[in-house]
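If you scroll down you'll find the structure; I have some questions about it.
The values are calculated or read from the model by the stated rules, or taken from the named source; none is laboratory data. These numbers come from a predicted model, not from an experiment. Glycine gets a Cβ as well: all are built from the backbone with ideal geometry, and neighbour counts include every protein chain shown.
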Amino acid sequence: MAPPWLGILDDTIQACVTHNRQDLAQPLWERRARLLEPTLRILVLGESGQGKSQLINALVNAPVCAVGDDETTRVPAIVEYADTPNAAMIADNPDARGAIEGGAESGRRLPVPIESVTNRANHDAATPGSDVVHARIGLPRGLLRAGLVLVDTPPASTQRLSSVLSEVLCADAVLMATDATSDLSANERELLERVTRICPTVLVALTKIDIVPGWQDVAERTRARLAEDGLPATVVPVSATLRMAAARGGDRVLNAESGFEELVRRLRHDWLERSDELNQRSVAALSEVTVTRLINGLREEHARTQRGGTGDAVTRWHAAGREIEQLQRVSARGQTLLADAVADLTSDLEFDLRDRTRRILREVDEYFEEADPSRTWPEFEEWLEDQLTEVAETNFGWLFERFDWIAHQLARQIAPHRPDLVPDVAAGDPPLEHANGLRRPNVEKFSVGQKLFVGMRGSYSGLLMFGLATTVAGMPLINPISLGAGVAFGLKSVFEERGSRLKRRQTVAKTAAHRHVDDFYLACNKESRDTARRLQRMLRDRYTEYAEQRRAEITASAKELKKAVDIETAEKNRRTKEISTALESLGTLRQRVRNLNDQVWASIVPAPRELTA
Amino acid sequence: MNTSVTATLTRVLLDRAIELYRDNPRAMAMLRRQRARFDEPLRLAVIGPSRSGKSTVVRALSASGRSLRDITPVDTTAVEPDAAPREIRARCADADAVLCLLRRPRDTELDLARAVHEHPVAQATPINTVAVLSRADELGGGRADAVISARQIARRARREPELRALCQDVVAVAGQAANAGRTLNATEFGALRTLASEPTDRLEAHLLSVQRFTSTQVSLPVDAGTRERLLDRLGLFGVRLAVTLVRQGNDTQPTLAAQLAQRSGLAELRETIDVLFVTRAEILKARAAMLALDVLLRMEPRTGSDALLIELDRAVAGAHEFQELRLAASLLADPGLLPDGLREEAIRLIGEHGTEPEKRLGLHAPSGTQVQQALRDALRRWRLVAHSPELGSAAHSAALVVLRSIETIATGGAPAMPAYVR
């Protein structure tokens, strides 16, 4: 029957896969493979110069791991059981996964004499371009036969912390070496704490007790420190030197003194014989860490989705709404502007036309004070036509100019990015054909007969007047005096008649001119108003059409956006729901893990072995 | 020892600063102290984390003859490696040179040395620090050859550029044994002799561990109390070493003491201090004074302090002694800087083996003509190097420094004073 921890481990792996966290699942897979193996893999950790390699040598009673006073170990060395002593360097295969995990099949095996294997491996690893990843050593020892595999590691410095931790993942238990010449350093405590979190089976070997006079105090202080930090590691003081000496001389007492008897006993009884508990413990710890990380990841995502509520689409959707409003406002303002401008323009144009025609009329009046229409009419007519044509042209030119300006103004207001919308009014219509032509006024002729008749009529009264007067003086009615007076009177009345006729002609001509100009004004004004209105309508239509078009565009895109927003919201809601469900199931899993953990501790705590040791 | 230009220049600058800060009692006290220090022994700060053997090293140095006249070791309280750099600097502020004690040449412990050099003037001249692997016996697991092994570690560490940038040398010393050598009393010496007369294999068994050595149940000709005292004085390494030395025939106290000093690395440490610090005491004091002056001028500016600061900068940049030391550092860090033969000669000429003219020229008890001849040869050779088209610009500037060193020897160690000093 599969042990209960296997179920939990599988569930945790399943959870990792479900949440797409291959990075978290990978170490669990490795751990799973490791746990199912019958051997117990012990990683020997520690800072540089703490006696890690020496500790292994002393444990297996053979100088298989190179030792030195400086940093010696550069590549891990795996010491395991074999019927006959053998050793090999394992070189990296491109597809091999981790540095020290996996069996012999994960790399190229280079057999090396057992005495020099670690020396060569360390030396090779120090040369650049080398691909030696670890050394493997097989020894026929009882302790190893029981299923123990010892792994010697390079010094665990702060820079290597992450790789050390990944190596810990592939181990069932950790043996940490720290020498008795100094207390636990801050770095060592941190290392121990991080290691304990993923592999709770830790034993601290206090090495080199042979050269430290007060090692008992150091051991006590170390134990107190660990207890203070809440680290459940046992401290075993050992001396590899004594153990080696004891092995050489076969001295049992010395062996006991070296502390290795106790260490081996603990390895056998606490670890090898209780491997199921160990597995349970390490699964509990690892699952706890993994599940917590999963939960934290999901919580973070949850918080992120909650916080980042307004996505890009929503912002753009709001922006589209605002744009439509803006467009409406602008286009209303544009229409008002247009109406106002056109009203101003018409009034200005009317005034201008009136002003110009009046100036012409004044000139006409002045002209006909002197000139005789019967003689000068043709030239006058030509002049007047010229004047009026000029007025019409100027007036219309002004109209188009002003419209052009209005159109640009509007374009700036409504569609600043569309200069092509501005109509080309300047090349406007030709000036109109105004009025019905100037009619020549009816001018009566002062003929010779009429002159004679008027002269006769005048001379008659003169002749009679002076003839009667001279009769009193005794002269006949017709006498030279009366005849002279008659001639004089006759001439005078002819002149008078001519003057009055001229006056009459001038008046008639003036009236005719006035009427003509009036007609012109009327027609031109009408034409100008019509043109203005036509242009206004054109502009209005054009910009209204543009606004309509824009609105349609924006509305369409807003609709799209709205759809996207809806989808996004639905997606988010779905994800939120998903996350809560996942969190719930992970919570259950964590509870199971904790139960397992509690079980383990319950089985351990009642028998504090330190006291019995 | 003749007075160096830089030292004279520093005194002048200090006098000017004293003029300038006449109304500031705190600054005055500081400046006067710096001024007075020129006539006092070199102050050597010993720093290190707790239990790194500071007091032991200080005691060992104090008890060791001639250094005492020229050096005042300053024992400091423990500095944790993670202490704030300010604090570490504050502890070294009053010292001209620093011994930085390390258990191992490791990163975390190097932070201490790093913190000492955070001031700009200090960075320009990392010349006053020596790293000491102060528990060499523990590094070697307490074996009788532990110090030899530790020396190898020190030699390797010395070659690492990172460490080179922080200190001038790395020395291994087993402080406890070194200290004890001088101060053994007759009873203890007698006990050692008695122990040495025991058969080797019998004694070996008892020297396996401290517990065995001090155990009351074993039958050794020396009683357990004395053994414990011996262990306390010498350490297990010391006892092993001393017994071996006595067996080898060093059976009088003075010879044993001398051998212990030799074997524990104390002699080497003393030699290093002599070459690096004592012979350069003036320049180190000048350096300390310049550092203090720089801080003062920057922290409390006033009219005239700017001009003085500029002169100080010029003095720091122009001090030929600093340039020599910097060149020495870069020669050691980058062996390819100069071709092999030239490199050795350059190191000698810039005074790494001793600053006396004959040591710089590599002559033993030379006559005047020999010195003249050697000077002429060196000048000619290095002028060629300085313009050699085969070498890079870094080598050229190195050659210029060497040339100036040769000129300094030729003029009797006193190149012309800069004009602005007069």
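If the Cβ limit is 7 Å and pairs must be 6+ apart or interchain, which residue in the range A:257-279 that is more than 17 Å from A:GLU37 (Cβ to Cβ) pairs with which residue that is surrounded by 21 or more Cβ atoms within 10 Å (Cβ to Cβ) and among the basic types (Lys, Arg)?
Listed pairs, sorted by first residue: A:SER258/A:ARG243; A:PHE260/A:ARG243.
Any idea which residue in the range A:153-209 is farthest from the other protein chains (Cβ to nearest Cβ), counting only those that are more than 48 Å from the chain's Cα centre (by Cα), within 15 Å of A:LEU43 (Cβ to Cβ) and among the small types (Gly, Ala, Ser)?
Looking at the filtered set, the residue picked out is A:ALA173.
Residues are listed down the side, and each one gets a yes or a no for (1) surrounded by fewer than 19 Cβ atoms within 10 Å (Cβ to Cβ); (2) without any contact (Cβ under 8 Å) to a residue 24 or more places away in the chain; (3) within 14 Å of chain B (Cβ to nearest Cβ); (4) of a type in the set (Ser, Thr, Tyr):
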| position | (1), (2), (3), (4) |
| --- | --- |
| A:LEU110 | yes, yes, no, no |
| A:HIS123 | yes, yes, no, no |
| A:THR127 | yes, yes, no, yes |
| A:VAL133 | no, no, no, no |
| A:ILE137 | no, no, no, no |
| A:LEU143 | yes, no, no, no |
| A:VAL151 | no, no, no, no |
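For the range A:334-377, enumerate the residues that are hydroxyl-bearing (Ser, Thr, Tyr) and surrounded by 16 or more Cβ atoms within 10 Å (Cβ to Cβ).
A:THR346, A:THR357, A:TYR367, A:SER374
On to the next question. Condition test on A:VAL517, is it surrounded by 14 or more Cβ atoms within 10 Å (Cβ to Cβ), touching a Gly at 6+ places or on another chain (Cβ under 7 Å) and aliphatic (A, V, I, L, M)?
So A:VAL517 fails the test.
Among the residues of the range A:487-545, count how many are of a type outside the set (Lys, Arg) and under 30 Å from A:THR389 (Cα atoms).
28
Right, next: Given the condition polar (S, T, N, Q), at negative phi and outside any helix (DSSP H, G or I), answer yes or no: does some residue in the range B:330-343 qualify?
no
Given the residues A:ALA532, A:ALA523, A:ALA469, which is the only one that is over 30 Å from A:TRP405 (Cα atoms), hydrophobic (A, V, I, L, M, F, W, C) and either in a helix (DSSP H, G or I) or in the same structural domain as A:ASP404 (by TED's automatic domain parsing) (or both)?
A:ALA469
What number of residues within the range B:344-356 are assigned to a helix (DSSP H, G or I) and either within 17 Å of B:ASP169 (Cβ to Cβ) or touching a strand residue (DSSP E or B) at 6+ places or on another chain (Cβ under 6 Å) (or both)? Can you show your working first?
To start, the set of residues in the range B:344-356 that are assigned to a helix (DSSP H, G or I) comprises B:344-349.
Those left that are additionally either within 17 Å of B:ASP169 (Cβ to Cβ) or touching a strand residue (DSSP E or B) at 6+ places or on another chain (Cβ under 6 Å) (or both): B:347-348.
Qualifying residue count for the region: 2.
State all residues of the range B:312-321 that are buried (at least 19 other Cβ atoms within 10 Å of the Cβ) and either among the polar types (S, T, N, Q) or in a helix (DSSP H, G or I) (or both); if no residue qualifies, say none.
Within the range B:312-321, B:LEU312, B:ALA315, B:VAL316, B:GLU321 qualify.
Scan the range A:197-212 and give yes if some residue there is among the acidic types (Asp, Glu) and either over 23 Å from A:GLU261 (Cα atoms) or in contact with a strand residue (DSSP E or B) (Cβ under 9 Å, 6 or more places away or on another chain) (or both), otherwise no. Please lay out each step first, then the result.
Step one: list which residues in the range A:197-212 are among the acidic types (Asp, Glu), which gives A:210.
Subset that is either over 23 Å from A:GLU261 (Cα atoms) or in contact with a strand residue (DSSP E or B) (Cβ under 9 Å, 6 or more places away or on another chain) (or both): none.
No, because not a single residue in the range A:197-212 is among the acidic types (Asp, Glu) and either over 23 Å from A:GLU261 (Cα atoms) or in contact with a strand residue (DSSP E or B) (Cβ under 9 Å, 6 or more places away or on another chain) (or both).
What about B:THR194, is it farther than 28 Å from B:LEU44 by Cα, away from chain A (no Cβ under 12 Å) and part of a loop (DSSP other than H, G, I, E, B)? Full working, then the answer.
Numbers: farther than 28 Å from B:LEU44 by Cα: yes; away from chain A (no Cβ under 12 Å): yes; part of a loop (DSSP other than H, G, I, E, B): no.
Answer is no for this residue.
Further question: With the condition kept exactly as written, say whether any residue in the range A:37-54 is of a type outside the set (Asp, Glu), in contact with a Cys (Cβ under 6 Å, 6 or more places away or on another chain) and buried (at least 23 other Cβ atoms within 10 Å of the Cβ).
Yes, the range A:37-54 contains a residue that is of a type outside the set (Asp, Glu), in contact with a Cys (Cβ under 6 Å, 6 or more places away or on another chain) and buried (at least 23 other Cβ atoms within 10 Å of the Cβ).
Between a first residue in the range B:143-159 that is at the interface with another protein chain (Cβ under 7 Å from one of its Cβ atoms) and a second residue that is β-branched (Val, Ile, Thr), which pairs have beta carbons less than 9 Å apart while being 6 or more apart in sequence or on different chains?
Hits for this filter: B:ALA150/B:VAL173; B:ILE153/B:VAL170; B:ARG156/B:VAL170.
OK, next. Can you tell me which residue among B:LEU203, B:LEU220 is under 30 Å from A:GLY249 (Cβ atoms), part of a helix (DSSP H, G or I) and in contact (Cβ under 8 Å) with a residue 12 or more places away in the chain?
Residue meeting the stated conditions: B:LEU203.
Which one is farthest from the chain's Cα centre (by Cα) among residues in the range A:226-245 that are within 14 Å of chain B (Cβ to nearest Cβ) and either closer than 23 Å to A:LEU191 by Cβ or not β-branched (Val, Ile, Thr) (or both)?
Per the criteria, the residue is A:ALA245.
I'm checking my understanding of the structure. Among residues of the range B:208-226 that are within 11 Å of chain A (Cβ to nearest Cβ) and not polar (S, T, N, Q), which one is surrounded by the fewest Cβ atoms within 10 Å (Cβ to Cβ)?
Taking the candidates together, the pick is B:ARG212.
So is A:GLU277 away from chain B (no Cβ under 14 Å) and on the phi < 0 side of the Ramachandran plot or not?
So A:GLU277 passes the test.
Answer with yes or no whether B:ARG298 is surrounded by fewer than 16 Cβ atoms within 10 Å (Cβ to Cβ) and assigned to a helix (DSSP H, G or I).
yes
For a quick check of your reading of the model, give me the residue pairs whose first member lies in the range A:564-576 and is farther than 15 Å from A:ARG299 by Cα, whose second is of a type in the set (Phe, Trp, Tyr), with beta-carbon atoms closer than 9 Å and at least 6 apart or on different chains.
A:ALA564/A:TRP317; A:VAL565/A:TRP317
Looking at A:SER275, A:SER239, A:SER258, which one is modelled with pLDDT under 85 and among the hydroxyl-bearing types (Ser, Thr, Tyr)? Lay out the reasoning, then the answer.
On the way: A:SER239 fails: modelled with pLDDT under 85; A:SER258 fails: modelled with pLDDT under 85.
From the options A:SER275, A:SER239, A:SER258, the qualifying one is A:SER275.
Now for a separate question. Inside the range A:235-254, can you point out the residues that are surrounded by fewer than 19 Cβ atoms within 10 Å (Cβ to Cβ) and of a type outside the set (Asp, Glu)?
Within the range A:235-254, A:ALA247, A:ARG248, A:GLY249, A:GLY250, A:ARG252, A:VAL253 qualify.
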